[in-house]
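The values are calculated or read from the model by the stated rules, or taken from the named source; none is laboratory data. Quick caveat: nothing in here was measured; it's all calculated off a predicted structure. As a convention, Cβ positions derive from the backbone with ideal geometry for all residues, glycine included, and neighbour counts pool all protein chains shown. Surface areas here come from the heavy atoms of the whole protein model, side chains and all, with no ligands, DNA or RNA. Shrake-Rupley method; radii C 1.70, N 1.55, O 1.52, S 1.80 Å.
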Amino acid sequence: GINMLKRLESSVNSFRLTISRIQQLIANMIEKIDSMTEEEYVEEFDFDDLDIEDEGDTIIGNKKNKIDLRDIDTISWRRYLVADKERFDLLLLMLKDINPEHDSKLQQLVCDLREKFAHPINGSNKKVLIFTAFADTADYLYKNLAPLILEKTGLHSAMVSGTIEAKSTIKLKQKMDFNTVLTLFSPVSKEKDVLFPGLKDEIDVLIATDCISEGQNLQDCDYLINYDIHW
């Protein structure tokens, strides 16, 4: 429950994805319960077969803890699962109409970026780092911000996270990887001219997760926004 609230605090998109994934897990579990045969309900456990490795489809849990469905009150559990599914169905219905155009938090970020670009804090430095704890939120922000920023301002954006491949509006011959993105975002501290001689393009907006939280020198950055918290 706490994790879902954290996802909701981050972005409505991450919250929606989490609910959808939980919905699928619930549906899979209901299907697994429904597929059990009567024989499996009454089958006795043979202690002589303790070393058997084939656990069949009635086993649930992770690699450390596994529970045989035949040891559970599956009738009551199924009833609770159905009730949870109905609650999640209602939540998804309520979230259905909250698209990027109606996402007030995203639109406030757009306004803040527009103000930052128009009135840089230090000279003409327009570099902004947008932080989020969730890769889903980072991907959501990149998809909805990067094309708009490039179209309206001509500035390039990028995204890096631990689970999604690095992306940027800058097109290079080589693969756009983690280190390349950071170098193009912080060209002075990362010595861009040495690594990419002749390349004029830079990244001014970086959307990132905590994969950049340690051991990175991004002193060229002029403005930091933590998207997850209330602001």
Looking only at G198, G154, G162, which one moves most when the chain is put into a Gaussian network model with springs between Cα atoms under 10 Å? G198
For the range 135-231, give the percent of accessible area contributed by carbon and sulfur heavy atoms, probe 1.4 Å, rounded to a whole number. 50
Counting heavy atoms of the protein chains only and a 1.4 Å probe, report the per residue accessible area for the chain as a whole number of Å². 63
If the elastic network links every pair of Cα atoms under 10 Å, which of S213, S168, S11 fluctuates the most in the Gaussian network model of the chain? S213
Can you give the Rg and Dmax of the range 152-231 based on its C-alpha atoms, in angstrom? 12.6, 41
If N is the number of residues in the chain, what value comes out of its Cα radius of gyration divided by 2.2 N^0.38 Å? 1.39
Choice from M176, M159, M94 with maximal GNM fluctuation in the chain (Cα, 10 Å cutoff): M94
With a Förster radius of 30 Å, plug the Cβ-Cβ distance of F88 and S35 into 1/(1 + (r/R0)^6) and report the FRET value to the nearest 0.05. 0.85
In the chain, taking the dipole from +1 charges on Lys and Arg beta carbons and -1 charges on Asp and Glu beta carbons about the Cα centre, the listed residue (L129, L25, W77) farthest towards the positive end is L129
Can you bin the range 92-188 into rounded, prolate or oblate? Criterion: square roots of the alpha carbon gyration tensor eigenvalues sorted a ≥ b ≥ c, rounded for a/c under 1.5, prolate for a/b above b/c, oblate for the rest. oblate
Using the Cα centre as the reference, give the magnitude of the dipole from point charges on the C-beta atoms of the range 81-177 (Lys, Arg: +1; Asp, Glu: -1; all else neutral), rounded to the nearest 20 debye. 560
In the structure shown, of K127/K200; K105/K171; K6/K192, the pairs separated by more than 27 angstrom at the C-alpha atoms are K105/K171; K6/K192
Sorted by chain and then number, the residues having a modelled amide H within less than 5 Å of the amide H of D228, at least 5 places away or on another chain, are A133
The chain: relative contact order from alpha carbon pairs under 8 Å, six or more residues apart, as a whole percent, is 22
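Can you give the local net charge around L182? Use residues other than it whose beta-carbon is closer than 11 angstrom to its beta-carbon, Lys and Arg +1, Asp and Glu -1.
Net local charge, L182 excluded: 0.
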Charge dipole magnitude, Cβ of K and R +1, D and E -1 - the chain, Cα centre, debye nearest 20: 2100
May I ask you to list the residues of the range 182-209 whose amide nitrogen lies under 11 Å from a point 7 Å from Cα along the Cα→beta-carbon direction of N125? 188-189
On Cα atoms only, tilt of 12-34 relative to the major axis of the chain in degrees: 20
Taking F134, F15 and ranking on accessible area (1.4 Å, protein atoms only), highest first, one gets F134, F15
